[in-house]
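Here's the structure, in C-alpha cells; my notes come after.
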There are 2 protein chains.
Amino acid sequence: MEPILLKNCKFIVDAINPLRKNKDILIKDGRIEQIGENLSTNGFVLDCKDCLVIPGMINAHTHSSMSLFRGIAEDSKLDEWLNKKIWPLEAKLNAYDCYVGTKLSVMEMLFSGFTCAVDMYFNMKDVAKAYIELNFRGVLSEGLFDFFNEEVLDEKLKYAETAFLDLKNIKSELIKPSFGPHSTYTCSDKLLKGIAEISNKYNALVQIHVAETKEEQELCIRRYGLREIELLKKLGLCNKRSILAHVVWLSNEEIAILKNTGAIAVQNTISNLKLAVGSTCDIRKLLNSNVNVSLGTDGPASNNSLDAFEMLKFSALFLKNMYHDPTVITSREIFRIATYDSYKLILPEINGGLIREGYVADLSVLNLNSFKLKPITEDSTHIINHLVYSCSGLRAKHVIVNGKPSILNGKLFNSNEEGIIEEFEKVFYSLLNR
Amino acid sequence: MEPILLKNCKFIVDAINPLRKNKDILIKDGRIEQIGENLSTNGFVLDCKDCLVIPGMINAHTHSSMSLFRGIAEDSKLDEWLNKKIWPLEAKLNAYDCYVGTKLSVMEMLFSGFTCAVDMYFNMKDVAKAYIELNFRGVLSEGLFDFFNEEVLDEKLKYAETAFLDLKNIKSELIKPSFGPHSTYTCSDKLLKGIAEISNKYNALVQIHVAETKEEQELCIRRYGLREIELLKKLGLCNKRSILAHVVWLSNEEIAILKNTGAIAVQNTISNLKLAVGSTCDIRKLLNSNVNVSLGTDGPASNNSLDAFEMLKFSALFLKNMYHDPTVITSREIFRIATYDSYKLILPEINGGLIREGYVADLSVLNLNSFKLKPITEDSTHIINHLVYSCSGLRAKHVIVNGKPSILNGKLFNSNEEGIIEEFEKVFYSLLNR
C-alpha cells in the first residue's frame with residue numbers, strides 16, 4: 001500500500017486534540033504514521049493548504065441497500081408504508097440489486113463525512129462487495145427473523161452463522177462481520193438466545209432494533225412480562241457487543257441496564273422524527289447515566305439522506321428543543337460521539353476517530369473554501385460549530401479509509417459517480433417492472 | 001433583456017401543476033412566455049435535458065448580513081449570546097460589512113433554491129446593493145427599535161420613513177421596500193403605531209418578530225394587558241401586509257385574529273430548535289385555521305445555514321414528530337408553502353411560485369444526476385419527496401430570477417464565489433480587530 005502525504009493541512013481538527021495548523025499528515029500501512037512539518041514520502045502527495053482535515057464519522061445504524069426505495073412512499077403510516085410499498089418491492093430484491101443500492105448509499109456516505117457504517121440487510125456478501133469496491137468500512141450483518149415460527153428456528157440459526165462466516169471469510173480489513181436479529185417483535189426469544197450464543201462464540205457484534213416505538217415495548221411486556229432491554233439482558237444480548245438502534249422508549253431501569261452492561265445505544269433522530277415514533281432517543285440522559293452512545297441515520301427509505309453533517313445537526317437541535325435549553329449539548333460533544341466515541345465503541349480493535357499518530361487513517365478532507373465553513377477562525381470550537389450546524393450537504397474533497405483513498409479531488413477513486421448512478425437507475429426500473 | 005430558452009427540460013415540477021416532461025420554457029421580459037415543444041429564440045439557450053426545473057422558494061425571514069457572526073458563539077443562552085458576542089460585534093458593523101455579509105448569504109440562498117428573501121437588518125441600502133448585484137429578490141426593511149425611550153420616537157419614525165424611501169428610490173424590480181419594527185419588546189406601542197400609519201400611507205409590508213418566546217408574551221401581557229397579536233391588531237399592525245416571524249407561542253384567540261386579518265405567519269423551525277425557545281410554530285394548526293403561512297430560515301447566526309431544502313425537511317419532520325403522525329403534513333404541502341403560497345402572500349403584485357405561462361421567471365434548475373434525487377420516477381410526488389427529504393445542500397445548476405440568470409452552470413453569473421468569499425473573510429478579520 002503506497003503511503004499518502006497530506007501536505008500543508010491548513011487545519012486539523014478532532015473532538016479532543018487542540019487545533020493543529022499548517023501540518024503534514026503522513027499515512028502509511030493504514031495508519032497515521034506522523035503528524036509534523038516538512039514531511040516527505042515517495043508515495044502519493046495531496047496538497048491540503050486550503051483544507052480542513054477531520055476524522056471520519058461512523059453511521060451506527062443504516063440499511064444502505066434501501067436507497068432503491070428512497071422517496072417512493074412518504075407521509076404515510078408505518079404499516080401502510082411497509083405493507084403496500086416497501087415489502088412488495090423488497091420481496092423482489094436480488095443480491096445484485098442490494099450490491100447496486102449499497103454503492104449509491106456508500107457514495108453518499110463517503111461524500112458527506114462518513115468512513116464507516118453499521119449496516120443490517122439482506123445479501124450482505126454482495127453489500128460487502130460494494131463497501132470494499134468503494135473503500136468504505138462496514139460492520140455488516142444479515143437481517144434475521146423467524147416471526148415466532150418454531151419450525152424455522154434451526155434453519156434461521158444456521159443461516160445466521162453461515163452468513164456471518166461468509167462475511168468473515170472475505171478477510172477484508174474493511175469488513176467486520178456481525179449478527180443482525182431484526183427486533184424483539186420479529187424474532188422469538190429462542191432465536192435471540194441462539195444468536196446470543198453464536199455471537200459469544202465468535203466474540204462478534206450484534207445489531208438489533210430496540211424500543212423504536214411505544215407499541216413495541218407494550219408488545220414485549222405482554223409477551224414476556226419484561227421490557228425490551230430487560231428481555232435482551234436475560235437472553236444474553238445486552239453487553240458491550242450489542243448495538244441497539246433507536247432506543248427511544250426506555251425506562252430508568254432499562255437505562256441502568258445499558259449503563260451496567262456497556263451496550264451501545266444508537267440515536268436515529270431524523271428517522272424517528274420522520275416516522276413520527278413520538279420522540280427520539282434522549283442521549284443527554286444516556287450520557288449523564290454513563291451509557292455508551294452513538295449516532296445513526298437509519299436507512300435511506302426512512303431518513304431519506306445519509307448525510308453525516310445533517311445527522312449531527314438534527315441530533316443537536318432536537319435535544320436543545322427537548323430540554324428547552326440551548327446549552328444542553330455542545331457541538332463538540334455531538335462531534336465526539338460521531339467520531340471518537342463511535343470508533344472506540346464499535347471498532348475497539350483499531351484506534352480511530354482522532355487524528356493522532358498511530359491512529360487508523362480514516363479521514364475526511366474538506367475544502368475550506370466552501371461558504372458553509374465561513375467565517376473561520378483558528379478556534380476548533382468555531383470550526384466544529386460549522387461542522388455540526390452549517391455543513392449539511394457539504395461534499396468532501398478527499399476521503400481516506402484504512403489508509404487508502406476513497407475520494408480524491410471530489411471524485412470517487414475506485415469507481416465513478418455517473419456509472420454508479422446509471423447502474424442504480426437500471427436496477428431500480430427493472431425492479432419496478434418485475 | 002435577452003430572452004432565455006430552457007431547452008428540453010427533462011422534468012418540470014411545481015406544487016400544483018401535473019409533472020411536465022421534455023418541454024422547453026421560453027423566458028422573456030422577466031416572465032415565462034411559453035412552455036412547449038420545439039421553441040426557439042435568438043437569445044440565450046440552456047440545455048436542460050438532464051435537469052429538473054422547479055419554482056424558486058422564498059425565505060420569509062432572515063437577517064442575511066449576520067453571516068459574519070456564523071458559528072462564533074454556539075450552545076449558549078440567548079442573553080449571553082447577544083450580550084457577550086453578537087451585540088459587541090454588531091456595534092462595530094459598517095455599511096460595507098453588511099453589503100459583504102449579505103453577498104455571502106445571498107450566494108448561499110441562490111445555490112440552495114431560494115430566489116427571494118424577506119430580510120430585516122441595518123444598512124439596508126447596502127444590503128439591497130448586494131441583492132441587486134447577485135440578481136436576487138428582496139423584501140427589505142431597516143430594523144427599528146426605540147427601547148421605550150420617548151425622546152427618540154420622532155427621530156426613529158423619520159429614520160424608518162427615510163430608510164424606506166431610500167430603498168424605494170432604488171427603483172429596482174428586485175427590491176420591495178418594507179418596514180421592520182423589531183418586536184413588541186424592543187419597540188414602544190407609540191413607535192409601532194407610528195409605523196402602522198406610515199406603512200398604510202405607502203401600502204407597504206411590515207416585518208416584525210412575534211411570540212418567539214413565552215417570556216416575550218408574558219412581558220407583553222404585563223406591559224399592555226394584551227397578548228402580542230392582540231396588541232399588534234390594536235396598533236394597526238395585523239393585516240395582509242404584516243409578516244410575523246416565529247409566532248411560536250400563540251393562543252387560540254390570537255390564531256383567530258391571524259385568520260381574520262390575513263396576516264402572514266412565518267415558521268422558523270431550525271432557529272426555534274437551535275435557540276431552544278421551547279417549540280416551533282405549529283403550521284398544521286394554522287393551516288387548518290385558514291391562517292396564511294410561510295417559512296423562513298432566520299439569520300445565519302441562529303440557524304446556521306440558509307439552505308431552502310434543509311428548511312423544508314426540518315419543517316416537515318418537526319410537525320410529524322409534534323403530532324406523532326407521519327401523515328400530518330405532506331411534502332407537497334410544505335413545498336407549496338415555500339413556493340406558490342409564499343409568492344402569493346409576500347409578492348402578490350407578481351404571479352410567482354408556479355411554472356406557468358405568464359408567471360414571473362423565478363426558477364431553479366437542478367441537475368438530475370445528483371444522488372440526492374435518486375431513484376426518480378415520472379411522478380411529481382416522488383420528486384417533491386426528494387426535494388423535501390433528501391436534498392439538503394444540493395447546489396442548483398442554473399437559477400433565473402426575474403427572467404435573468406443569477407447562476408449559470410453552477411457558477412454565479414454576475415460575480416464569482418471565490419471573490420465573494422475572499423472579500424467576506426477580509427471584512428470578518430478586520431471586524432475582529434476593530
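The values are calculated or read from the model by the stated rules, or taken from the named source; none is laboratory data. The structure presented is a predicted model; accordingly, all values stated were derived computationally and were not measured. Every residue, glycine among them, receives a Cβ derived from its backbone with ideal geometry; neighbour counts consider all protein chains shown.
Below is a table of values for the structure above.
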| read-out | value |
| --- | --- |
| Qualifying residue in the range A:16-35 (condition: among the β-branched types (Val, Ile, Thr), outside the structural domain of A:Val365 (by TED's automatic domain parsing) and not in a strand (DSSP E or B)) | no |
| Unique residue being of a type outside the set (Ser, Thr, Tyr) and touching a Phe, Trp or Tyr at 6+ places or on another chain (Cβ under 9 Å) when the list is B:Lys240, B:Lys259, B:Lys234 | B:Lys234 |
| Of all residues in the range B:40-55 being outside any loop (DSSP other than H, G, I, E, B) and surrounded by fewer than 19 Cβ atoms within 10 Å (Cβ to Cβ), the one that is farthest from the other protein chains (Cβ to nearest Cβ) | B:Phe44 |
| Subset of the range B:407-428 that is assigned to a strand (DSSP E or B) and touching a residue at least 24 places away in the same chain (Cβ under 8 Å) - its residue that is farthest from the other protein chains (Cβ to nearest Cβ) | B:Leu408 |
| Enumerated helices (runs of 4 or more DSSP H) restricted to the range B:179-259, each holding at least 2 residues that are within 22 Å of B:Leu78 (Cβ to Cβ) | B:214-224, B:228-235 |
| Yes/no for B:Asn369 being surrounded by fewer than 22 Cβ atoms within 10 Å (Cβ to Cβ), in contact (Cβ under 8 Å) with a residue 24 or more places away in the chain and over 25 Å from B:Ala256 (Cα atoms) | yes |
| Selection from the range A:49-89 of residues that are under 18 Å from the mean Cα position of the chain (by Cα) and either free of Cβ contacts under 8 Å to residues at least 12 places away in the same chain or more than 16 Å from B:His382 (Cβ to Cβ) (or both) | A:Ile54, A:Pro55, A:Gly56, A:Met57, A:Ile58, A:Asn59, A:Ala60, A:His61, A:Thr62, A:His63, A:Ser64, A:Ser65 |
| Enumeration of residues in the range A:258-292 that are under 17 Å from A:Glu216 (Cβ atoms), of a type in the set (Val, Ile, Thr) and without any contact (Cβ under 8 Å) to a residue 60 or more places away in the chain | A:Thr280 |
| Extreme residue, surrounded by the fewest Cβ atoms within 10 Å (Cβ to Cβ), among residues of the range A:173-217 that are polar (S, T, N, Q) and more than 24 Å from A:Tyr343 (Cβ to Cβ) | A:Thr186 |
| Filter pass, B:Arg336 being modelled with pLDDT under 95 and more than 9 Å from chain A (Cβ to nearest Cβ) | no |
| Out of A:Ala130, A:Ala95, A:Ala117, sole residue that is at pLDDT 95 or above, closer than 19 Å to A:His209 by Cβ and small (Gly, Ala, Ser) | A:Ala117 |
| Some residue of the range B:127-145 being within 30 Å of A:His324 (Cα to Cα) and of a type in the set (D, E, K, R) | no |
| Residue in the range B:307-324 that is within 7 Å of chain A (Cβ to nearest Cβ), under 26 Å from B:Gly410 (Cα atoms) and polar (S, T, N, Q) present | no |
| Scope the range A:197-235; condition closer than 18 Å to A:Val118 by Cβ and among the hydrophobic types (A, V, I, L, M, F, W, C); matching residues | A:Ala204, A:Leu205, A:Val206, A:Ile208, A:Val210, A:Ala211, A:Leu232 |
| Residues within the range A:250-306 that are more than 14 Å from chain B (Cβ to nearest Cβ), charged (D, E, K, R) and surrounded by fewer than 20 Cβ atoms within 10 Å (Cβ to Cβ), tallied | 3 |
| Residue in the range B:339-346 that is more than 14 Å from chain A (Cβ to nearest Cβ) and without any contact (Cβ under 8 Å) to a residue 60 or more places away in the chain present | yes |
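Results for (1) surrounded by 14 or more Cβ atoms within 10 Å (Cβ to Cβ); (2) more than 12 Å from chain B (Cβ to nearest Cβ); (3) under 25 Å from A:Met66 (Cβ atoms), shown as yes or no for each residue.
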site: A:Thr377; (1), (2), (3): yes, no, no
site: A:Thr381; (1), (2), (3): yes, no, no
site: A:Leu387; (1), (2), (3): yes, no, no
site: A:Arg395; (1), (2), (3): yes, no, yes
site: A:Pro405; (1), (2), (3): yes, yes, no
site: A:Ser430; (1), (2), (3): no, no, yes
